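Student: Dropping a structure here in structure tokens format, bear with me for questions.
Just so it is clear, none of the values below were taken in a lab; they were calculated from the coordinates. Since we're looking at a predicted model, the values are computed, not measured. Cβ placement follows ideal geometry from the backbone for every residue including glycine, while neighbour counts extend to all protein chains displayed.
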Amino acid sequence: MSEYRFHLQKYSYGSKIACPNCGGSRCFVRYVDEEGVVVFPDRVGKCDHEHKCCYHYTPREYFRDNPDMMNKADYSRFERQRSLERKFDQPVPSFISPDIVGRSLSHYDINPLYHYLSDVFGAEETMRLFNIYRIGTSAKWGGATIFWQTDISGNVRTGKIMLYDTQTGHRIKEPQAYICWAHSELHLPDFHLKQCLFGEHLLKGASSSPVMLVESEKTAVIMSHFIPDYIWLATGGKNGCFNKEAMSVLRGREVTLVPDLGAMELWREKSALLSGICKRVAVSDVLERMATDDQREAGLDIADFFLTVPTKCQILQQMIRRNPALQTLIDELGLELVE
């Protein structure tokens, strides 16, 4: 019996329905039974709006609330088997070939996130950030961004592929989520995924540097520009790879957690994982203290606050758009923007 007998339904057109909690349309993913024995009610699933809604009703909770269904699903035997699999079957993590990763570190001319950050920071600084974090470009969706998860030993565990809007820098989520995994797209046989923190490779050779931990990969990249004195790492989401094994690389370090708005209490609870690992652990509440109700509703993160003030590069680009002749003047005089 597979460990993944009960799982969220794979996306297909029309598969997402209205959320039973917040009422949002096409944002709710249902759980399905791989064996086809149990047909879950439409309330058993997860809402895409992690911050605004947070609704997530799992099969475990459903069987707890409906014990009569446990016999039909043979759920107790499934749980025992899954426990044994977790205990005795700990496969060695698989890695993605350096050649594959290397080939992706190019074609930034079709990468919307690269274009957006170039407008914000300039092309030279954006290239520096992409090189540091080893960010690639996928042919998927015409140039999606690949955030490679490179562990502290330099091995690539996987890559998260996401599509961004060139103008806003925000993820494109309609009419679908536009997010997938590199190992799945590569159809690698017998691939055993074990995620690590995004940016984890930056820890090697910087044992005394303090660490800032955020949710989003994009946020880690942006904040490493604004506050470079810290190593900025990302869990890959509110839950992401926030587990004891993944966090073990932070042993002996000073770590500050900076959750997105709305995830403060959850990350306070999760910070207990780090108490016996890190030298010092703190959970920053600065965003919660300064945010407006609208900002909380939007679930902003620390990078969103820093980006509210236009950079010098952005101001210059706005001036060039209003008067294209300015670019010609800059080029002919060999002028450079001083940040």
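Student: When 194, 16 are ordered from fewest to most other Cβ atoms inside 10 Å of their Cβ, what list results? Intermediate results must be reported in sequence, preceding the final value.
Tutor: On the way: 194 17, 16 22.
Placing the least packed residue first, the sequence is 194, 16.
Student: Let me ask something else about it. Please work out the ratio of the alpha-carbon Rg of the range 197-308 to 2.2 N^0.38 Å and round it to two decimals. Display every interim value, and only then the final one.
Tutor: Details: Rg = 13.2 Å, N = 112, 2.2 N^0.38 = 13.2 Å.
This ratio for the range 197-308 stands at 1.00.
Student: Amide H neighbours of residue 158 under 5 Å, at least 5 residues apart or on other chains, H built in the peptide plane: list them.
Tutor: 149
Student: Using the Karplus curve 6.51 cos²θ - 1.76 cosθ + 1.60 with θ = phi - 60°, work out ³J(HN,Hα) for each residue of the range 247-253 in order, rounded to whole Hz, and write x for Gly and Pro.
Tutor: Whole-Hz 3J(HN,Hα) from phi for the range 247-253: 7, 4, 5, 8, 4, x, 9.
Student: Efficiency by 1/(1 + (r/R0)^6): what FRET value for residue 239 and residue 99, r their Cβ-Cβ distance, R0 = 25 Å, to the nearest 0.05?
Tutor: Numbers: r = 32 Å, r/R0 = 1.27.
The formula returns an efficiency of 0.20 here.
Student: Taking amide hydrogens as modeled 1.01 Å from N in the peptide plane, which residues meet the under 5 Å criterion relative to residue 234, leaving out close sequence neighbours?
Tutor: Result for residue 234 returns 198, 214.
Student: Same structure again: Which value, in debye to the nearest 20, gives the size of the charge dipole of the chain about its Cα centre, when Lys and Arg are +1 and Asp and Glu are -1 at the Cβ?
Tutor: On the way: 40 positive and 44 negative charges, 166 e Å.
So the magnitude is around 800 debye.
Student: Using only the alpha-carbon atoms of the range 174-220 as identical scatterers, what base-10 log of I(q)/I(0) does the Debye formula give at q = 0.22, 0.23, 0.26 Å⁻¹?
Tutor: The calculated log intensity ratios at q = 0.22, 0.23, 0.26 Å⁻¹ are -0.98, -1.00, -1.07.
Student: Hey, can you rank 247-258, 209-220 by average C-beta count inside 10 Å, highest first? Numbers along the way, then the final one.
Tutor: Values: 247-258: 17.8, 209-220: 22.9.
Packing proxy ranking, top to bottom: 209-220, 247-258.
Student: Going out from 0 in 5 Å bins, what whole percent of all Cα-Cα distances in the range 78-216 drops into each bin?
Tutor: Once binned at 5 Å, the Cα pair distances of the range 78-216 give 2, 9, 16, 20, 18, 15, 9, 5, 3, 2, 0.
Student: Same structure again: Before rounding to the nearest 500, sum -39500 (n - 2.57) across all DSSP H runs of length at least 4 in the chain and divide by the residue total; then give [θ] at 222 nm in deg cm²/dmol.
Tutor: On the way: 15 runs with 116 residues, N = 339.
After summing the helix terms and dividing by residue count, I get -9000 deg cm²/dmol.
Student: Restricting things to Cα coordinates, could you compute the convex hull volume per residue of the chain in Å³?
Tutor: Values: hull volume 57.8 nm³, N = 339.
Once divided by residue count, the hull of the chain is 171 Å³.
Student: Output wanted: per-residue J couplings in Hz (rounded whole) for the range 212-224, from phi through Karplus 6.51 cos²θ - 1.76 cosθ + 1.60, θ = phi - 60°, x for Gly and Pro.
Tutor: 10, 10, 10, 7, 8, 4, 4, 5, 4, 5, 5, 6, 5
Student: Moving to a separate point now. What order do you get for 93-103, 115-125 when each peptide is scored by the mean count of other beta carbon atoms within 10 Å, highest first?
Tutor: On the way: 93-103: 14.5, 115-125: 18.6.
Answer by packing, highest mean first, reads 115-125, 93-103.
Student: Give the long-range amide H neighbours of residue 260: residues separated by 5 or more places, or on another chain, with amide H under 5 Å away, using H modelled in the peptide plane at 1.01 Å from N.
Tutor: Those lying under 5 Å, H to H, from residue 260 are 215.
Student: Determine ³J(HN,Hα), in whole Hz, for all residues of the range 188-205 in sequence, where each value follows from phi through the Karplus function 6.51 cos²θ - 1.76 cosθ + 1.60 and θ = phi - 60°; x replaces Gly and Pro.
Tutor: Per-residue couplings from phi come out as 6, x, 6, 7, 10, 7, 9, 5, 10, 5, 6, x, 4, 4, 6, 6, 5, x Hz.
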